[in-house]
Amino acid sequence: MNTRSPQTISDGSGRPVLSYVEGTRAGRPYADMAKVLGPGADEVILRRLPGWVVSGDEDLGRRLLAAGASRLRHAHTYSRDLRAEPAPACWAETGYGVVACDAVPPAEVFPAWRAAYGPGHPDHHDTGDAALLAGELAPLLAGRSWGPLLPCGGLLLRQDRVVAGVLVGTLGADPPFGGPWVMDVFRDPAPRFAGLGGVMLRRALALATMHGLPALGLAVTEGNPARRLYERLGFRHTASAMTVIVPGEVRADAAAEHG
């Protein structure tokens, strides 16, 4: 389970102005679920978190964009309450070979994961393959980004290669804005694999229900048609957020300046 607790940044007078949950994203330190606690938060972010990825509400994101940040993602968060709406147990049976997320080397997961976000997809990665594998996918699979992945996720194999997967971890907040969380759901875009992302997501919901998890959350990028699938599977919209890269170079001491 991810044991990261919220961090707090204070202004020069010691007043808390920002809270966030720390992680890693796109090879950079990541302030997720950033929440403004007081005036001056924008200036503190720009001064003390240069080069960081920051994710917060749309208003914070737009202000940071106006101050020179670059947009990484505009997304909407969803959650399915598994206590009020438990997933059917039959969803756990996929009819395909499924293995744990750590059963396959990251380099063998990468081709399907990379292909899932091709040019034109809202989540397309412009970064080179080697950097994406080392900085994004490998740390996530190894549990270095957000802590160990939960067993309700998995990788679907066809002819001994990964063609789809759901990676489930834990965000450091209570549902519906944190808790068990779909960090990624992907499938090879070849037509013969159509629908397998939904198959794996239904499986994750069923297993999460069986394991007694209270809810399962996820985020979907603006413009991603998968949003309709999530809504059909009982996920309810909870918030919208903007993720940006703060201008400047990452400072080694920036993470130590909260408090």
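The values are calculated or read from the model by the stated rules, or taken from the named source; none is laboratory data. Since the model is a prediction, treat every value here as computed from it, not as a measurement. Here Cβ is always computed from backbone atoms with ideal geometry, including for glycine, and neighbour counts include all displayed protein chains.
What the table below lists for this structure:
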| quantity | calculated |
| --- | --- |
| Odd one out for residue 32 among (1) surrounded by 22 or more Cβ atoms within 10 Å (Cβ to Cβ); (2) at pLDDT 95 or above; (3) under 21 Å from residue 235 (Cβ atoms) | (2) |
| Criterion: under 19 Å from residue 114 (Cα atoms), assigned by TED's automatic domain parsing to the domain that holds residue 229 and of a type in the set (Gly, Ala, Ser) - qualifying residue of 164, 206, 173 | 164 |
| Exclusive hit being in the same structural domain as residue 135 (by TED's automatic domain parsing), out of contact with any helix residue (DSSP H, G or I) (no Cβ under 7 Å at 6 or more places or on another chain), farther than 22 Å from residue 139 by Cβ and outside any strand (DSSP E or B), set 103, 84, 112 | 84 |
| Top-ranked residue of region 55-87 - restricted to ones that are of a type in the set (A, V, I, L, M, F, W, C) and closer than 26 Å to residue 208 by Cβ, ranked as modelled with the lowest pLDDT | 75 |
| Which numbered condition residue 234 misses (of (1) assigned to a strand (DSSP E or B); (2) more than 22 Å from residue 63 (Cα to Cα); (3) in contact with an Asp or Glu (Cβ under 7 Å, 6 or more places away or on another chain)) | (1) |
| Matching residues, region 10-51, being within 27 Å of residue 141 (Cα to Cα) and in a loop (DSSP other than H, G, I, E, B) | 26, 27, 49, 50, 51 |
| Pair list, Cβ < 8 Å and 6+ apart or interchain, from region 97-125 residues that are touching a residue at least 40 places away in the same chain (Cβ under 8 Å) to residues that are of a type in the set (Phe, Trp, Tyr) and assigned to a loop (DSSP other than H, G, I, E, B) | 123/117 |
| The listed residue being at pLDDT below 95 and buried (at least 23 other Cβ atoms within 10 Å of the Cβ), out of 171, 167, 201, 205 | 171 |
| Condition check for residue 229: within 28 Å of residue 6 (Cα to Cα) and either of a type in the set (A, V, I, L, M, F, W, C) or assigned to a loop (DSSP other than H, G, I, E, B) (or both) | no |
| Where a residue in region 184-199 is under 18 Å from residue 108 (Cα atoms) and its partner, wherever it lies, is of a type in the set (Phe, Trp, Tyr) and not in a loop (DSSP other than H, G, I, E, B), with Cβ under 8 Å and at least six apart | 184/113; 186/113; 187/193; 197/186 |
| Hey, residue 127 of a type in the set (S, T, N, Q), in the same structural domain as residue 208 (by TED's automatic domain parsing) and surrounded by 15 or more Cβ atoms within 10 Å (Cβ to Cβ) or not | no |
